[in-house]
Amino acid sequence: MALLAVACVFLISSGPQPPSCHVLFGVAANPLSAEHNWTSALRNFEAEVDRDVDVAHFYKRGQDKLFPTPDEANRANAGPGSLKLFYNWRPDNLTWREVADGAADHYLHQLAGQLSRTLHTPFFLSLSAEMESKVDPTPSSGQTAADFRDYFRHVVTLLRTTPGVSVITVMNYTGATKFALEPWFTDLYPGNDVVDWIAQDPYAFNLDQTPDLASLINRPNGTWPGFYNWAATHYPDKPQMLAEWGVAISSANPAPSAAFFVRATQQLGDYPKLRALIYWNHSGVKDDGQVLGVGTTALGSSPEVLAAFNRFINKYTSASPEHCRLPID
């Protein structure tokens with residue numbers, strides 16, 4: 001990924017980008033009803049926004065199933081400009097230390113073979129995204145920040161030594177201020193040699209507190225400058241993404257959500273290191289029927305919000321000149 005890193009430095013170091021500059025647009029398209037799976041939900045989402053997405057985010061867990069699925073591989077292998085896959089993998093019943101010490105190697109070698117055989121394009125990969133909430137600083141826990149760092153390095157190194165596996169790694173933080181203030185926070189980082197992108201997962205569930213993109217990606221507190229500013233300062237050569245992000249939408253009062261995207265249209269160019277936006281499209285109801293207190297982020301729940309979102313996305317992700325495109329192949 002050295003070429004990726006060099007190319008991204010050129011793209012993100014020259015100040016605010018003009019509106020025509022390309023930002024990758026993606027989605028974690030959660031099934032919104034029992035009739036849909038992740039594949040059909042992705043197609044439905046693309047129909048709603050009236051365009052194909054650049055990146056589709058999928059979540060893989062455990063050591064019993066390999067990926068990509070045939071549907072995922074077929075879409076990614078379709079040719080130039082085709083969908084980029086983004087996987088988040090986390091192990092089951094193993095600590096980070098156990099994985100770092102080789103406990104999942106049999107599965108990981110099988111996975112590497114599957115990726116090499118079936119996926120002919122680069123893909124994004126995060127490991128145990130939003131890891132901060134799982135940190136146990138007890139030295140023997142197997143879940144310290146240093147254990148995570150070693151786990152990440154081990155998995156990435158194993159995959160990269162397999163011919164034919166073209167992985168773009170994403171260090172995917174929660175981005176919450178409370179974790180950034182922990183004394184172990186900086187120990188999580190696995191190293192520039194194994195990290196290609198840096199991501200956070202921010203949400204605007206309270207639009208009084210988070211009315212716009214600027215307040216979403218930077219939430220300063222004391223010495224903490226906010227995630228975007230922190231990552232830009234400490235890792236200036238790394239492109240950033242919102243690996244998950246969403247805006248709460250009320251069908252009874254959609255105006256604040258629509259206003260969020262109107263403001264985002266004006267603000268995104270001020271954050272040149274932000275090169276990918278992967279929207280979390282969710283109904284607000286879990287598979288077991290539990291209603292989430294944060295509400296829905298599903299764009300199709302409000303025509304007004306959907307229209308504002310589409311104007312925002314299309315300003316930054318369509319009809320881009322080649323010199324502005326983000327090279328990830």
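Things worth noting here:
- Only one of the listed residues (207, 216, 242) is aliphatic (A, V, I, L, M), in a loop (DSSP other than H, G, I, E, B) and under 23 Å from residue 307 (Cα atoms). That residue is 207.
- Selection count, the stretch 108-143, where residues are part of a helix (DSSP H, G or I) and buried (at least 18 other Cβ atoms within 10 Å of the Cβ): 7
Quick grid of which residues meet (1) of a type in the set (Gly, Ala, Ser); (2) at pLDDT below 95; (3) under 23 Å from residue 263 (Cα atoms); (4) part of a loop (DSSP other than H, G, I, E, B):
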{"residue": "3", "(1), (2), (3), (4)": "no, yes, no, no"}
{"residue": "17", "(1), (2), (3), (4)": "no, yes, yes, yes"}
{"residue": "21", "(1), (2), (3), (4)": "no, yes, yes, yes"}
{"residue": "32", "(1), (2), (3), (4)": "no, yes, no, yes"}
{"residue": "35", "(1), (2), (3), (4)": "no, yes, no, yes"}
{"residue": "58", "(1), (2), (3), (4)": "no, no, no, no"}
{"residue": "64", "(1), (2), (3), (4)": "no, no, no, yes"}
{"residue": "68", "(1), (2), (3), (4)": "no, no, no, yes"}
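- The residues listed here are 194, 99; of these, the one that is in a loop (DSSP other than H, G, I, E, B) and touching a helix residue (DSSP H, G or I) at 6+ places or on another chain (Cβ under 6 Å) is 194.
- Exactly one residue out of 94, 127 is within 21 Å of residue 38 (Cβ to Cβ) and among the aliphatic types (A, V, I, L, M), and it is 127.
- Criterion: surrounded by 15 or more Cβ atoms within 10 Å (Cβ to Cβ), in contact (Cβ under 8 Å) with a residue 40 or more places away in the chain, within 18 Å of the chain's Cα centre (by Cα) and more than 22 Å from residue 151 (Cβ to Cβ) - qualifying residue of 173, 271, 189: 271
- Selected residue (criterion: surrounded by the fewest Cβ atoms within 10 Å (Cβ to Cβ)) from residues of the stretch 144-159 that are over 20 Å from the mean Cα position of the chain (by Cα) and either closer than 22 Å to residue 240 by Cα or of a type in the set (Asp, Glu) (or both): 157
- Check on residue 44, assigned to a strand (DSSP E or B), within 21 Å of the chain's Cα centre (by Cα) and of a type in the set (S, T, N, Q): no
- Evaluating residue 187 against the criteria (1) in a loop (DSSP other than H, G, I, E, B); (2) of a type in the set (D, E, K, R); (3) within 23 Å of residue 95 (Cα to Cα); (4) in contact with a Ser or Thr (Cβ under 9 Å, 6 or more places away or on another chain) leaves one unmet condition, (1).
- Enumeration of residues in the stretch 40-85 that are of a type in the set (Val, Ile, Thr) and either farther than 12 Å from residue 123 by Cβ or free of Cβ contacts under 8 Å to residues at least 12 places away in the same chain (or both): 49, 53, 69
The values are calculated or read from the model by the stated rules, or taken from the named source; none is laboratory data. Note that the structure is a prediction, hence the values are computed from the model and not measured. Please note: Cβ atoms are built from the backbone with ideal geometry, for glycine as well, and neighbour counts cover all protein chains shown.
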